[in-house]
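Just so you know, all these numbers are worked out from the coordinates, no wet-lab data involved. The shown structure was predicted, so the numbers you read here are calculated from the model rather than taken from an experiment. Don't worry about glycine lacking a Cβ; one is built from the backbone with ideal geometry, like all the others, and counts go over all protein chains shown.
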Amino acid sequence: MKIKKADEMEIAISLKSMRLSWVFAVLALCAWCIAGFIIDGELPIIPFMILCIQNIIFFSAKLFFTRQLVGNAR
């Protein structure tokens with residue numbers, strides 16, 4: 001059984017879907033943290049840590065791949 005490579009349209013659709021799910025996760029975790037802070041008066045640790053780690057991974061990967069692609073273009 002041969003697996004076919006994704007074409008440009010499938011890649012674009014997947015990228016937009018991942019971006020939308022990332023935005024939803026960030027907004028949901030922010031809302032959870034804000035609601036927890038308003039209700040309890042302290043920041044919920046687990047959703048806050050997930051939010052921070054998620055963004056660290058995202059921006060680190062973006063920086064890594066940008067530098068990798070720029071380095072290959074030279």
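If I ask for residues that are exposed (fewer than 10 other Cβ atoms within 10 Å of the Cβ) and outside any helix (DSSP H, G or I), which ones from the stretch 1-51 would you list? First the steps, then the outcome.
First, the residues of the stretch 1-51 that are exposed (fewer than 10 other Cβ atoms within 10 Å of the Cβ): 1-5, 7-9, 38-42.
If the condition is that a residue be exposed (fewer than 10 other Cβ atoms within 10 Å of the Cβ) and outside any helix (DSSP H, G or I), then Met1, Lys2, Ile3, Lys4, Lys5, Asp7, Gly41, Glu42 are the ones that fit.
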Quiz prompt | Selected residue (only one of Ala61, Ala25 is among the aliphatic types (A, V, I, L, M) and in contact with a Leu (Cβ under 9 Å, 6 or more places away or on another chain)) | solution = Ala25
Quiz item: How many residues are within 17 Å of Val23 (Cβ to Cβ) and touching a Gly at 6+ places or on another chain (Cβ under 6 Å) when one looks only at the stretch 38-56?
Solution: 0
Quiz item: Give me the pairs: first residue in the stretch 25-51 and small (Gly, Ala, Ser), second residue in a loop (DSSP other than H, G, I, E, B) and surrounded by fewer than 13 Cβ atoms within 10 Å (Cβ to Cβ), beta-carbon distance under 8 Å, and six or more apart or on different chains, which are they?
Solution: Gly36/Glu42; Gly36/Leu43
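Return yes when Leu63 is touching a helix residue (DSSP H, G or I) at 6+ places or on another chain (Cβ under 8 Å), free of Cβ contacts under 8 Å to residues at least 12 places away in the same chain and surrounded by 10 or more Cβ atoms within 10 Å (Cβ to Cβ) and no when it is not. Don't jump to the end; show me each part of the working.
Values: touching a helix residue (DSSP H, G or I) at 6+ places or on another chain (Cβ under 8 Å): no; free of Cβ contacts under 8 Å to residues at least 12 places away in the same chain: yes; surrounded by 10 or more Cβ atoms within 10 Å (Cβ to Cβ): yes.
Judged against the criteria, Leu63 is not a match.
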